[in-house]
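Data first, discussion second: the structure below is written as structure tokens.
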Amino acid sequence: MAHKYVYLFNEGNANMREVLGGKGANLCEMTNLGMPVPQGFIVSTEACTRYYEDGKKLSQDIIDEIDEYLGKIEEINGKKFADPEKPLLVSVRSGARASMPGMMDTILNLGINDEVAAALIKGNPDPKFERFVYDSYRRFVQMFSDVVMGISKKQFEVIIDEIKEKKGVKNDIDLDVNDMKELVVRFKAYYKEQLGTDFPTDPHDQMLESVKAVFRSWDNERAQIYRMRNDIPSSWGTAVTVMPMVFGNLNNKSGTGVAFTRNPSTGEKAIYGEYLINAQGEDVVAGVRTPSKISELEREMPEVYAQFIKTAKKLENHYKDMQDMEFTIEDGKLYMLQCRNGKRTASAALRIALDLVDERKITKEEAVCRVEPKQLDALLHPTFDAAALKKAKVVAQGLAASPGAACGRVVFTAAESEEWAARGEKVILVRLETSPDDIKGMVTAQGILTVRGGMTSHAAVVARGMGTCCVSGCGDIVMHADKKYFTIGDLRFNEGDYISLDGSTGNVYGEAIPTAPATISGDFKKFMEWADAARGDFMVRTNADNPRDTAQAVKFGAQGIGLCRTEHMFFEGDRIMAIREMIVSDTVEQRKKALAKILPLQQGDFEEMYRVLEGRPMTVRYLDPPLHEFIPKTEAEKDALAKDMGITVEKIDDICVKLEESNPMMGHRGCRLCVTFPEIAEMQTTAVINAAINVNAEHPEYNIVPEIMIPLVGSVKELKFVKDIVTATADKIIADKGVALKYKVGTMIEIPRAAITADEIAQEAEFFSFGTNDLTQMTFGFSRDDAGKFLGSYYENKIYDFDPFAKLDQEGVGKLVKMAADLGKKTRPDIHLGICGEHGGDPSSVEFCYNAGLNYVSCSPFRVPIARLAAAQAAIKAKK
């Protein structure tokens with residue numbers, strides 16, 4: 001039996017989204033509910049997959065099945081395709097299994113040609129009807145030319161404007177039948193001018209070309225971008241829905257509209273929408289005329305309005321969610337053309353979820369699953385004024401590295417950021433790339449824009465931790481920082497010029513766009529309580545390395561710190577000088593002397609963080625980055641260090657040269673530093689243990705158990721060597737002070753060898769924390785800071801569907817995580833497992849971690865609520 005690729009509306013239902021797409025499945029469901037749906041057919045997503053497998057060609061068996069089903073809907077509707085006597089006109093629409101509004105293409109009025117138009121008019125000589133026929137005809141020529149043949153629709157709009165100007169009218173509706181006929185003639189002439197061939201007149205050819213065009217639109221640029229941002233695999237494909245046209249532009253008893261069963265902006269329980277009289281569907285979206293509020297339909301067509309309200313309520317009660325509906329009225333008769341769970345703002349999503357529970361339509365667990373975790377970003381970060389954003393022009397696009405909206409004046413150095421901010425100016429820090437030295441300027445900036453770097457670059461990681469908007473890897477920018485300007489194409493931006501950044505999309509705007517502050521309502525607290533109840537024992541910690549970020553994370557519900565990057569503490573104030581002293585020291589004694597300057601400062605940081613945590617756990621990662629990151633960069637810094645150490649600048653230069661590495665991310669860093677310089681581990685252990693003892697003395701109820709994490713371990717011998725230093729130091733302090741303090745020593749699993757030998761490493765490690773930034777880098781074998789230069793080609797050629805540094809690669813890196821988790825448990829059944837890479841805040845990665853048997857995820861403070869919700873949804877899904 002041949003594979004089935006085409007389905008009538010009465011052959012499907014709402015559960016067939018994967019095959020029929022969301023639009024097709026819902027049309028089938030509305031048909032089953034007895035609603036007024038024009039009866040058509042669906043070409044499945046499997047046909048789309050086959051189309052791409054066959055080299056972007058429709059196979060003959062699919063063409064034959066489309067022809068067969070055309071015959072079936074001709075019989076159902078009593079009309080015939082391409083028949084001048086009783087012509088059937090259809091719409092051809094896209095419909096993926098996940099809603100992708102506006103991302104793919106639609107063709108209306110397909111099946112019309114000169115003969116069909118003439119035959120339609122022959123049966124109804126009314127000039128208004130004749131106008132309607134040619135209005136439908138010109139719309140089809142325009143849409144087919146644009147969507148199917150790739151001719152820009154702008155010139156068609158120019159032709160319409162020319163005719164309106166000649167006639168002295170403003171709106172399309174004011175054009176008469178002769179104007180419509182002229183548009184058809186001029187549109188066809190423009191088509192021939194562009195392509196060198198006449199406009200196709202065979203409706204069967206039009207149909208097949210349109211189906212192929214919708215399949216092609218699955219892979220257009222805007223669809224690709226939408227899929228990447230919304231975790232929609234390219235392999236899903238789109239279905240094509242073919243349905244008989246109903247004409248909202250037939251007469252003044254006809255119209256078209258879009259409506260929601262609740263307000264998509266606020267969540268208010270009231271019908272919300274718009275409609276146009278004597279118009280087709282795209283007119284409402286395109287804004288060619290100002291639509292009327294849906295409530296006015298009650299006055300114009302009371303019976304139709306009553307039927308629509310009844311239908312809307314029935315749909316919401318059936319789907320148990322807010323519905324987005326498209327409808328058309330033809331000569332006083334209502335037709336439903338689409339329904340789907342409506343897109344909504346974050347605040348509306350919360351209110352609708354809570355209200356549906358109060359109305360006893362859904363359970364609390366179902367409500368938790370109704371809000372997309374990423375939506376919570378909009379509640380936690382500033383957003384742009386919607387009206388102003390609509391008018392603004394995107395001048396460049398980078399990676400959406402840290403969400404939120406930012407507007408400010410361009411500055412090029414961290415020092416300038418501090419200076420301008422001190423004067424009350426809002427600034428955007430624009431850098432080729434950021435380094436730890438830039439931290440003060442990053443703190444004072446509204447937003448950060450970098451030319452280089454990926455989703456896990458320094459700028460991205462630090463910005464997410466602070467909740468600051470960041471766009472990284474914006475390769476369109478040509479920097480002239482020394483001359484205080486940068487260019488994007490022909491545009492030049494000088495120091496002090498306004499720009500705006502959207503960290504949720506990666507868009508850069510060359511103008512000032514007003515922003516609105518984040519607002520969190522009481523709904524948020526109640527909703528997150530439901531999420532936490534569903535999440536169970538699975539914990540969400542945060543990545544934080546200062547009391548400010550720790551306090552913010554606790555406020556957002558973090559249950560501890562899963563990653564305290566101690567190196568970030570070394571860049572504050574005079575600490576950098578002490579670290580540099582250690583680096584240039586020749587002897588152990590000199591290094592210990594330099595580290596002694598840092599010890600009380602680092603201990604003080606740990607004490608403050610333990611106080612903020614109030615007994616919640618904290619995993620402290622020992623020094624990880626290569627030492628070259630700390631060396632002096634400017635001549636002034638070298639002079640100051642040489643003077644302080646009593647050595648020459650030449651010796652400083654010599655040391656800097658020696659610290660250079662061909663591949664520093666795989667060089668002398670992590671536990672390797674402690675193997676070479678054990679005194680680093682001794683100092684950091686002293687700071688952690690003393691801090692815990694002191695805060696426990698102040699607050700015995702906290703019962704702090706320090707978690708000490710050794711980074712970049714590749715073998716059990718490495719870990720044991722450093723662990724022995726840690727335990728000897730810690731045990732001596734505890735014994736000398738006569739206190740009872742428990743502590744744990746564990747490691748980061750971030751080298752593939754560590755994952756493969758995790759059973760051996762677990763003999764020494766009391767916990768594993770998966771550092772998936774480095775694990776991804778080493779598993780794929782490319783640099784996370786440089787991958788952005790070529791990954792675009794990988795997405796374009798369908799090699800990767802997503803950035804593996806933003807979303808965990810479950811097939812490769814994920815296998816290593818699961819293997820290491822299982823091996824670790826085999827050796828040490830009570831081993832504690834977590835993830836502390838940036839993947840800890842990505843919803844799909846959180847779900848993977850939950851299913852892989854990890855105990856917690858750790859993410860930047862502003863991602864904590866997202867991870868809490870994602871973990872709750874994973875728990876609910878696993879239970880089902």
**Request:** Take GLY788 and decide whether it is under 29 Å from GLU682 (Cα atoms) and either of a type outside the set (Asp, Glu) or out of contact with any strand residue (DSSP E or B) (no Cβ under 6 Å at 6 or more places or on another chain) (or both).
**Result:** no
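Given the options ALA312, ALA286, ALA306, name the one that is open to solvent by 30 Å² or more (accessible area, probe 1.4 Å), aliphatic (A, V, I, L, M) and modelled with pLDDT of 90 or more.
That would be ALA306, the only listed residue that is open to solvent by 30 Å² or more (accessible area, probe 1.4 Å), aliphatic (A, V, I, L, M) and modelled with pLDDT of 90 or more.
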**Prompt:** Can you tell me how many residues in the stretch 616-629 are surrounded by 21 or more Cβ atoms within 10 Å (Cβ to Cβ) and either of a type in the set (Lys, Arg) or part of a helix (DSSP H, G or I) (or both)?
**Reply:** 2
**Request:** Please tell me if PHE802 is out of contact with any strand residue (DSSP E or B) (no Cβ under 9 Å at 6 or more places or on another chain) and open to solvent by less than 40 Å² (accessible area, probe 1.4 Å).
**Result:** no
**Complete:** Among LYS737, LYS744, the single one that is over 20 Å from THR827 (Cα atoms) and of a type in the set (Lys, Arg) is LYS737
**Prompt:** Of all residues in the stretch 302-329, how many are farther than 14 Å from THR261 by Cβ and touching a Gly at 6+ places or on another chain (Cβ under 7 Å)?
**Reply:** 3
**Item:** Among (1) surrounded by fewer than 16 Cβ atoms within 10 Å (Cβ to Cβ); (2) in contact (Cβ under 8 Å) with a residue 60 or more places away in the chain; (3) within 24 Å of THR383 (Cα to Cα); (4) of a type outside the set (A, V, I, L, M, F, W, C) - the single one GLY522 does not satisfy
**Value:** (2)
**Asked** Within the stretch 846-863, which residues are modelled with pLDDT of 95 or more, in a helix (DSSP H, G or I) and either in contact with a Gly (Cβ under 8 Å, 6 or more places away or on another chain) or open to solvent by less than 10 Å² (accessible area, probe 1.4 Å) (or both)?
**Response** VAL846, PHE848, CYS849
**Item:** So ARG541, is it surrounded by 20 or more Cβ atoms within 10 Å (Cβ to Cβ) and part of a strand (DSSP E or B)
**Value:** yes
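For the stretch 722-779, name all the residues that are of a type in the set (Phe, Trp, Tyr) and either over 28 Å from MET666 (Cβ atoms) or modelled with pLDDT under 95 (or both).
TYR743
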**Message:** Condition (residue is surrounded by fewer than 19 Cβ atoms within 10 Å (Cβ to Cβ), basic (Lys, Arg) and out of contact with any Cys (no Cβ under 8 Å at 6 or more places or on another chain)) applied to the stretch 48-63: is it met by at least one residue?
**Reply:** yes
**Prompt:** Can you name every residue in the stretch 767-785 that is without any contact (Cβ under 8 Å) to a residue 12 or more places away in the chain and of a type outside the set (A, V, I, L, M, F, W, C)?
**Reply:** GLY781
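Mind checking whether some residue in the stretch 563-579 is of a type in the set (A, V, I, L, M), open to solvent by 30 Å² or more (accessible area, probe 1.4 Å) and over 24 Å from the mean Cα position of the chain (by Cα)? Give the steps one after another, and end with the answer.
As a first pass, look at the stretch 563-579 and keep what is of a type in the set (A, V, I, L, M): 563, 569, 576-579.
Of the ones still in play, those that are also open to solvent by 30 Å² or more (accessible area, probe 1.4 Å) are 577.
In the following step, the residues that additionally are over 24 Å from the mean Cα position of the chain (by Cα) were identified as 577.
For the stretch 563-579, residues of a type in the set (A, V, I, L, M), open to solvent by 30 Å² or more (accessible area, probe 1.4 Å) and over 24 Å from the mean Cα position of the chain (by Cα): present.
When the residues of the stretch 780-813 are filtered to those that are assigned to a loop (DSSP other than H, G, I, E, B) and closer than 21 Å to ARG565 by Cβ, which remaining residue is modelled with the highest pLDDT?
Just the residues of the stretch 780-813 that are assigned to a loop (DSSP other than H, G, I, E, B), to begin with: 781-786, 790, 797-812.
After this cut, where a residue has to be closer than 21 Å to ARG565 by Cβ as well, the list is 783-785, 805-806, 808.
Working: SER783: 83, ARG784: 78, ASP785: 77, PHE805: 87, ALA806: 85, LEU808: 92.
Filtering first and then ranking leaves LEU808.
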**Prompt:** From the residues in the stretch 353-369 that are more than 22 Å from the chain's Cα centre (by Cα) and in contact (Cβ under 8 Å) with a residue 24 or more places away in the chain, which one is most open to solvent (accessible area, probe 1.4 Å)?
**Reply:** LYS364
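Picking from PRO829, PRO843, which residue would you name as being open to solvent by 10 Å² or more (accessible area, probe 1.4 Å) and under 20 Å from the mean Cα position of the chain (by Cα)?
Selected residue: PRO843, the only one of PRO829, PRO843 that is open to solvent by 10 Å² or more (accessible area, probe 1.4 Å) and under 20 Å from the mean Cα position of the chain (by Cα).
Looking at the stretch 370-445, what strands (runs of 3 or more DSSP E) fall wholly within it and have at least 3 residues that are open to solvent by less than 30 Å² (accessible area, probe 1.4 Å) and at pLDDT 90 or above?
Here the list reads 405-411, 427-431.
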**Fill in**
Taking the stretch 497-508 and keeping residues modelled with pLDDT of 95 or more and open to solvent by less than 10 Å² (accessible area, probe 1.4 Å) leaves ILE499, SER500, LEU501, VAL508
**Asked** Which one is nearest to ILE756 (Cα to Cα), of the residues in the stretch 701-728 that are open to solvent by 50 Å² or more (accessible area, probe 1.4 Å) and among the basic types (Lys, Arg)?
**Response** LYS717
**Message:** Cβ contacts < 8 Å: first residue assigned to a helix (DSSP H, G or I) and modelled with pLDDT of 95 or more, restricted to the stretch 25-49; second residue of a type in the set (Asp, Glu) and open to solvent by 20 Å² or more (accessible area, probe 1.4 Å), any location; separation 6+ or different chain. Result?
**Reply:** CYS28/GLU11; THR45/GLU18
**Request:** Examine the stretch 319-339 for a residue that is within 30 Å of ALA533 (Cβ to Cβ), open to solvent by 50 Å² or more (accessible area, probe 1.4 Å) and either in contact with a Ser or Thr (Cβ under 7 Å, 6 or more places away or on another chain) or modelled with pLDDT under 90 (or both), and state whether such a residue exists.
**Result:** no
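If you take the residues in the stretch 544-562 that are part of a helix (DSSP H, G or I) and of a type outside the set (A, V, I, L, M), which one is least open to solvent (accessible area, probe 1.4 Å)? Steps first, please.
Within the stretch 544-562, the subset part of a helix (DSSP H, G or I) is 547-555.
Next, from what is left, pick out any that are of a type outside the set (A, V, I, L, M): 547-550, 552, 555.
Values: PRO547: 31, ARG548: 129, ASP549: 16, THR550: 1, GLN552: 50, LYS555: 159 Å².
Looking at residues that are part of a helix (DSSP H, G or I) and of a type outside the set (A, V, I, L, M), I get THR550.
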**Request:** Starting from the stretch 491-508, take each residue that is within 17 Å of ALA386 (Cα to Cα) and of a type outside the set (Gly, Ala, Ser) and list its partners that are in a loop (DSSP other than H, G, I, E, B) and open to solvent by 10 Å² or more (accessible area, probe 1.4 Å), counting only C-beta distances under 7 angstrom and pairs at least six apart or across chains.
**Result:** ILE499/GLY510; VAL508/GLY398
**Count of residues meeting criterion [touching a Gly at 6+ places or on another chain (Cβ under 9 Å), closer than 20 Å to MET207 by Cβ and not in a helix (DSSP H, G or I)] in the stretch 1-24** = 2
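Could you please find all residues in the stretch 457-488 being open to solvent by 50 Å² or more (accessible area, probe 1.4 Å), in contact (Cβ under 8 Å) with a residue 60 or more places away in the chain and within 28 Å of the chain's Cα centre (by Cα)?
Across the stretch 457-488, the qualifying residues are GLY475, ASP476.
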**Message:** Out of the residues in the stretch 163-185 meeting the condition of being under 44 Å from the mean Cα position of the chain (by Cα) and open to solvent by 80 Å² or more (accessible area, probe 1.4 Å), tell me which one is farthest from LEU276 (Cα to Cα).
**Reply:** GLU165
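The values are calculated or read from the model by the stated rules, or taken from the named source; none is laboratory data. As the structure is a prediction and not an experimental result, all values here were calculated from the model. Virtual Cβ from ideal backbone geometry, glycine too; neighbours counted across all protein chains shown. We work out accessible area using only protein heavy atoms, side chains counted, and drop any ligands, DNA or RNA first. Shrake-Rupley method; radii C 1.70, N 1.55, O 1.52, S 1.80 Å.
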